[in-house]
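Read through the structure below, which is laid out as structure tokens, and then see the notes.
The values are calculated or read from the model by the stated rules, or taken from the named source; none is laboratory data. Values in this document were obtained by computation on a predicted structure and should not be read as measured data. Neighbour counts run over all protein chains shown; Cβ positions are idealised from the backbone, glycine included. Remember, those area values only see protein heavy atoms, side chains included, never the ligands or the DNA or RNA. Shrake-Rupley method; radii C 1.70, N 1.55, O 1.52, S 1.80 Å.
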Amino acid sequence: MGSSADFKSLEDELIDNVEKDVRYWQQNDAKLRAVKSVSTYQEFSDIVKAAHLRPLSKKEIECKSNPPVVWNNVVTTHNMQDSKQPSSDFVAADVDIKNNIPSACSPIAQEFILSFHRLSTAKHRYKYLSLHGAENVAATFHTEEIPPSVLVELLETLLIFPSNSLPDIVAVTRLLDVITGTKRFELAIEFLSSTELDTLCNLFNKLEESLKSGQQDLAEQGVTEWSLSTLRRKYKV
């Protein structure tokens, strides 16, 4: 009797783990699709939350199915075999990325880094950061450090911001400010190479030049020559 109960417990645990794995890849694929098409974080969040849902086919709408159609396939294991599985290339790439993420990183930080790395162009990475916004990045890394290699890539991505867009200027400035509050930030800056420091310097130069496009409007949102100068000193450039 005990052996049967143990087996049932192991079976339930296995099913639960498979469901979680399927849900992870559904959400990850949804993120990659969403970042290329949506314009707000709320839209992005809604698409990811609904990643496990599927539309009914015309046949399912017109006919009573037997057994009944399950709209939310997370609550059942019947459709698992039809779920989209990650390609071997993606799995291998994710393993390489995970190996370079400190084990102390929280699951939400690891997921952020993985999703960021799976976007292959700076344009899509920039949109991913824009959709998250400074507040969400702050919440993701509020008690931990941003790995140095990721920090460099974030700075390189921010460098492509459109200098004639006031919302982007404000968003980039706020994100840079948020990053200074992450764990071991000052140590990470100390280890930047001369090339990486040049990238950082170019980013601040571009921000300061962008002030000319709407100085008064930017000042109302806290972006001024003084605030950028203060921020620049924190980054030691």
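State which residue is least open to solvent (accessible area, probe 1.4 Å) when the search covers only segment 119-140 and only residues that are outside any helix (DSSP H, G or I) and at pLDDT 85 or above. Out of the qualifying residues, it is Leu119.
Per-residue answers, yes or no, for (1) in contact with a helix residue (DSSP H, G or I) (Cβ under 6 Å, 6 or more places away or on another chain); (2) surrounded by fewer than 16 Cβ atoms within 10 Å (Cβ to Cβ); (3) on the phi < 0 side of the Ramachandran plot; (4) not basic (Lys, Arg):
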| residue | (1), (2), (3), (4) |
| --- | --- |
| Asn164 | yes, yes, yes, yes |
| Arg174 | yes, no, yes, no |
| Ile179 | no, no, yes, yes |
| Lys183 | no, yes, yes, no |
| Leu187 | no, yes, yes, yes |
| Glu208 | yes, yes, yes, yes |
| Thr230 | no, yes, yes, yes |
| Lys234 | no, yes, yes, no |
| Val237 | yes, no, yes, yes |
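Condition check for Leu166 on (1) closer than 18 Å to Lys234 by Cβ; (2) modelled with pLDDT of 90 or more: one failure, at (1). Give Glu156, Glu209, Glu144, Glu196 a once-over and let me know the one that is more than 25 Å from Gln110 (Cα to Cα), in contact (Cβ under 8 Å) with a residue 40 or more places away in the chain and among the acidic types (Asp, Glu). Matching residue, one of Glu156, Glu209, Glu144, Glu196: Glu209.
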